[in-house]
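The values are calculated or read from the model by the stated rules, or taken from the named source; none is laboratory data. Source: prediction; values computed, not measured. Because the Cβ atoms are built from the backbone with ideal geometry, glycine has one as well, and the counts that use them run over all protein chains shown.
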Amino acid sequence: MAYKYREDLVGKRFLAVSGVTKINVNKVSEWGWKAGIIRAASLKDNKNKELQVLVEYDGVDWQRREWVAVYSRRTFRVFLVERTLVWAPRNYEGKDIKWPALTFMPLAADLTLQADAQPAEYLHDRHLEFLDYTNLLPYQRSGEIKDDVCQTWGGFPRATGGGAPGGSELGGDLARGAEWDAHQIGPEGCLESSVLSAISAECAEWRTIQDGQRILTTTPSVLGGCRAQVYRSAGATQWYTAVIVGVNEHTGELTVTDDTVLEEHSEDPSLVQMRLLGDGVIESIMKGEVVGVMPRRSRSNLQRVERETTKSPATTGGRKKTSAVRSNGQIAPTEPPPQPAAHADVASTRNVM
């Protein structure tokens, strides 16, 4: 089963054609396509004609981001949003191979794209090609690629008891079901190992984004105490990190404590991009495991630390205490080590004197 299309727009790639561009309908590749990523949205209803999205364009500094009116004819002739990830054919350096690519669907358009000229954006180099979506193989979840799919797209015969040709066990793993394997691209050696590693990492990142966003918007009640990176739609910094400390079950909004200023904010993950932090957190939640609650920092505790560490010796009975902070943010005073006992012969000498 392929990844299900998600309705929220944040975190998705987009393709757009400016409203002032002169268009030759027969040369779709020459329409002056712009690409980038959607960081925030003004409304949850994607069909609302007042919808605006905050976008960052590829190759442009993030500080030049802008809010754009998706349905404004003067702004865009075409505005497409990321749909899903597929395996698409590609001729790369003279070799016919398969390559992970994003497909798109129209959010707003006054032009119709022909069925055999739909845009596909390849991962890694973001090369744009125009293909027929009909015969593209969806990128699968782990364990869901079947034997017949491997035989058709894997570039090698179906694995039997002896594994893949040449004695490699990769073919057998793929036949049992795996969402990534170098053999899916083509014959061994068709791409450099560094390129294969980069593509594999980007596929894994895309999967993580989909799963993380689904958790944030559909099951936020399990996120109490989890750390997250939140896009800052206004301000001098692009992101801030925070701890999720509360959930509004009715609106889906999350209450987070900003690590930098230690203030609480209300954020809606369907309207502003958020990323869950921590190794294995998303995988654990997907498995139904309880994620450990992380301690919440507070301004009062930090102020107590500062007061304790700046006290003079006179205020502590002539001995300056050193303070330590426990993992729960409480102060744990540490007493100086006890003085060593005087040597017996020294004590006796003093008594004689």
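Applying the condition of being crowded, with 18+ Cβ neighbours inside 10 Å and part of a helix (DSSP H, G or I) to the range 183-199 and asking which residue is modelled with the highest pLDDT yields Ile199. How many residues does the range 217-265 contain that are in contact with a Phe, Trp or Tyr (Cβ under 9 Å, 6 or more places away or on another chain) and among the charged types (D, E, K, R)? Counting residues in the range 217-265 that are in contact with a Phe, Trp or Tyr (Cβ under 9 Å, 6 or more places away or on another chain) and among the charged types (D, E, K, R) gives 3. Only residues that are at negative phi, without any contact (Cβ under 8 Å) to a residue 12 or more places away in the chain and assigned to a loop (DSSP other than H, G, I, E, B) were counted across the range 254-289, and they come to 5. Taken together, the criteria exclude Val81 from residues that are free of Cβ contacts under 8 Å to residues at least 60 places away in the same chain, surrounded by 15 or more Cβ atoms within 10 Å (Cβ to Cβ) and under 23 Å from the mean Cα position of the chain (by Cα).
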